[in-house]
Amino acid sequence: MPFGGPGGPGGPNGPGGSGGSRKLPLAAIIGIVVGVVALIVVVSLLLVLGGGSDDDDAEPTSTGTGTEAEAAGDVPEEIVQTFLDAIAAGDAQTALDLVDSSTGLDETLLTDEVLAASAAIAPITDIVVTPPTDDNPYGVEVEVAYQLGDTPVSTTVRLTGDGDGAYTLTSAGGSVYVPGSVSGVDVTVNGVPVTAGEDYDAFIGTYEIATTSTVFGITGETQAAITERFESASFSGLTVDLTEESVAAFHESVRAAVDECLASTTLEAGCGLAVPATLSDGTQLTDGTLTRTLSGDAELRIGDLDPTAGYDNPNFVRGRSIGGVSTTAECTKDGQVGTCDVLFGPSLGAPTVDFSTEPRTVVWN
């Protein structure tokens, strides 16, 4: 059969001819569709898995939900550990942030300065915190142990919970009471000015009361410790007393006042030594002629008056009574003139020196 002839090669309907198009079998069509879909899926996966930014090679960051990002308020023993560590380190604000804000604390003594002074007296060391045995979401107690200076302490710390796993401490510690017996002088606790007769909130630690006065000192047990919640550091039995320099100043003031009064020749001499112009027996004394002299006993007592600061106002310092004064004067009796001894005349009483004034003043009882 010639090439291109009917039915021959190149001819109509022959092999290699261009006769009418033939339809693909159904199975082939399904295979193509499946292949296209598979290709689309592969490409999509590659875009999802490989299409991120270059930052995907960086370290993963916390979203705040992992254990490393948990708030300290979620773990009771961690709260207590952080609280005690902050106090030991002198970080008052960190400690305060862990305390229930509804407690309404007075922060006069809740400062870094006060904690530093406490640590200088008796540092807090060897802190051991034991996890609570229960997980009550509304409140737990945590056992702690630590050293306060050389003193071992074991106690419990109470935390309150909100029911959702967050806890805060129910107390910052205890309180410091400044007794009224130190009123009238400038007083400090761990270097911070305070007022006598007042209570102040305080962390656990050691507290020292002192005065900035150069005239007075505080006598008694001036240090007290708070080792557990709600404990009070009360300074009982304290008194305000003169310094050695002030005792000497008291005697100098009294001696100067007495010498001035004894030197006076007038009826009104001061120091409580005034005598009347006419005595009870009718003797008349001549003003300007009087002579006054301390008795031997009084001369001895004036050097040892045992001055004591006043309770209500320590600036008023009182000494013991001094004693007798001999008084003579020119006198007239029944028309006769001479020198008379004034019998049963006034004596020097107890002097009080006011240290609030300069120069100091002396009054007599």
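The values are calculated or read from the model by the stated rules, or taken from the named source; none is laboratory data. A quick note: this is a predicted structure, and the numbers were derived from the prediction, not measured. Cβ: placed from backbone, ideal geometry, glycine included. Neighbour counts: every protein chain shown.
Taking GLU245 as the residue in question, decide whether it is closer than 18 Å to THR361 by Cα and either touching a helix residue (DSSP H, G or I) at 6+ places or on another chain (Cβ under 6 Å) or surrounded by fewer than 15 Cβ atoms within 10 Å (Cβ to Cβ) (or both).
Yes; evaluated as a whole, the condition is true for this residue.
Examine segment 217-229 for a residue that is among the hydrophobic types (A, V, I, L, M, F, W, C) and exposed (fewer than 13 other Cβ atoms within 10 Å of the Cβ), and state whether such a residue exists.
Within segment 217-229, none of the residues are among the hydrophobic types (A, V, I, L, M, F, W, C) and exposed (fewer than 13 other Cβ atoms within 10 Å of the Cβ).
Return a yes/no flag: does segment 254-276 have any residue that is among the hydroxyl-bearing types (Ser, Thr, Tyr), surrounded by 19 or more Cβ atoms within 10 Å (Cβ to Cβ) and out of contact with any helix residue (DSSP H, G or I) (no Cβ under 8 Å at 6 or more places or on another chain).
Among the residues of segment 254-276, not one is among the hydroxyl-bearing types (Ser, Thr, Tyr), surrounded by 19 or more Cβ atoms within 10 Å (Cβ to Cβ) and out of contact with any helix residue (DSSP H, G or I) (no Cβ under 8 Å at 6 or more places or on another chain), which makes the answer no.
All but one of (1) within 30 Å of GLY217 (Cα to Cα); (2) surrounded by 13 or more Cβ atoms within 10 Å (Cβ to Cβ) hold for THR283, so report the exception by its number.
So THR283 meets the others, but not (1).
Within segment 172-205, can you find the residues that are of a type in the set (Val, Ile, Thr), closer than 19 Å to LEU96 by Cβ, buried (at least 22 other Cβ atoms within 10 Å of the Cβ) and touching a Leu at 6+ places or on another chain (Cβ under 7 Å)?
VAL176, VAL189
Residues in segment 287-305: is at least one more than 27 Å from GLY184 (Cβ to Cβ), among the β-branched types (Val, Ile, Thr) and touching a residue at least 40 places away in the same chain (Cβ under 8 Å)?
yes
Report, by residue number, each residue of segment 198-232 that is in contact (Cβ under 8 Å) with a residue 24 or more places away in the chain, of a type outside the set (S, T, N, Q) and in a loop (DSSP other than H, G, I, E, B).
Once the filter is applied, which keeps residues that are in contact (Cβ under 8 Å) with a residue 24 or more places away in the chain, of a type outside the set (S, T, N, Q) and in a loop (DSSP other than H, G, I, E, B), segment 198-232 yields ILE204, VAL215, GLU228, ARG229, PHE230, GLU231.
Of everything in segment 202-217, what is of a type in the set (A, V, I, L, M, F, W, C) and within 26 Å of ILE87 (Cβ to Cβ)? Give them in sequence order.
ALA202, PHE203, ILE204, ILE209, ALA210, listed by residue number.
Looking only at segment 140-197, count every residue that is touching a Pro at 6+ places or on another chain (Cβ under 6 Å), modelled with pLDDT of 95 or more and not in a strand (DSSP E or B) and tell me the total.
0
What number goes with the only condition from (1) more than 30 Å from LEU84 (Cβ to Cβ); (2) under 11 Å from the mean Cα position of the chain (by Cα); (3) not basic (Lys, Arg) that VAL194 does not pass?
For VAL194, the failing item is (1).
Identify the single condition in (1) aliphatic (A, V, I, L, M); (2) within 30 Å of GLY217 (Cα to Cα); (3) in contact with a Gly (Cβ under 9 Å, 6 or more places away or on another chain) that LEU98 does not satisfy, given that it satisfies every other one.
(2)
Restricting the search to segment 98-139, which residues are part of a helix (DSSP H, G or I), modelled with pLDDT of 95 or more and not aliphatic (A, V, I, L, M)?
Answer for segment 98-139, where residues must be part of a helix (DSSP H, G or I), modelled with pLDDT of 95 or more and not aliphatic (A, V, I, L, M): ASP112, GLU113, SER118.
How do the strands (runs of 3 or more DSSP E) wholly within segment 246-365 filter down when requiring 1 or more residues that are more than 30 Å from GLY197 (Cα to Cα): which remain?
291-294, 325-333, 336-341, 361-364
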